[in-house]
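The values are calculated or read from the model by the stated rules, or taken from the named source; none is laboratory data. Values in this document were obtained by computation on a predicted structure and should not be read as measured data. Note that each Cβ is placed from the backbone with ideal geometry, even for glycine, and that neighbours are counted across all protein chains shown.
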Amino acid sequence: MEVDITLIDNPECRRLYGSNDPTAPRGIERLTMLCAGEKEGGKDACIGDSGGPMVINQPGSCLKKQVGITSFGRDCGLPNSPGIYTRVSSYVGWIESIVWP
């Protein structure tokens with residue numbers, strides 16, 4: 001299944017999760033995490049989606065680029081409760097060291 005969701009900038013994501021949220025006890029790390037969801041809710045990753053891809057459309061192409069890996073969230077599809085994704089670009093060096101040693 002596929003759904004379109006909106007990327008949320010890191011300051012807004014940190015505001016939505018706050019500093020006392022048990023789902024993100026160390027906060028939202030801007031270098032290694034992406035945040036996405038809909039302010040009004042209704043569209044989100046949910047239980048069982050962890051590890052799945054977050055992709056973006058490549059401009060002028062039918063190709064998609066994986067930018068994230070579904071990681072965690074507070075609740076599924078609730079307003080102001082975005083999902084958190086691992087930022088793939090932060091791990092490209094490590095991935096390539098495994099794939100092409």
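For the reader, a short list of remarks on this structure follows.
- For GLY42: the one exception among (1) modelled with pLDDT of 90 or more; (2) in a helix (DSSP H, G or I); (3) not hydrophobic (A, V, I, L, M, F, W, C): (2)
- Among the residues of region 20-63, those identified as in contact with an Asp or Glu (Cβ under 8 Å, 6 or more places away or on another chain) and either more than 15 Å from ILE8 (Cβ to Cβ) or not small (Gly, Ala, Ser) (or both) are CYS35, GLU38, LYS43, ASP44.
- Criterion: at pLDDT below 90, surrounded by 15 or more Cβ atoms within 10 Å (Cβ to Cβ) and within 13 Å of the chain's Cα centre (by Cα) - qualifying residue of ARG74, ARG87: ARG74
- Looking only at region 52-65, residues that are loosely packed, with under 11 Cβ neighbours inside 10 Å and among the polar types (S, T, N, Q) come to 2 in all.
- Taking residues in region 18-38 that are in contact (Cβ under 8 Å) with a residue 12 or more places away in the chain and assigned to a loop (DSSP other than H, G, I, E, B), and partners anywhere that are among the aliphatic types (A, V, I, L, M) and surrounded by 10 or more Cβ atoms within 10 Å (Cβ to Cβ), the pairs with Cβ atoms closer than 9 Å and at least 6 places apart or on different chains are THR23/ILE84; ALA24/MET33; ALA24/ILE84; ILE28/LEU16; ILE28/ILE84; GLU38/ILE5.
- Residues within region 47-71 that are under 12 Å from the mean Cα position of the chain (by Cα) and in a loop (DSSP other than H, G, I, E, B), tallied: 4
- Of all residues assigned to region 50-59, at least one qualifies as being at pLDDT 90 or above, more than 20 Å from VAL92 (Cβ to Cβ), small (Gly, Ala, Ser) and in contact with a Ser or Thr (Cβ under 9 Å, 6 or more places away or on another chain).
- Count - residues of region 1-51 that are among the β-branched types (Val, Ile, Thr), over 25 Å from LYS64 (Cβ atoms) and exposed (fewer than 11 other Cβ atoms within 10 Å of the Cβ): 0
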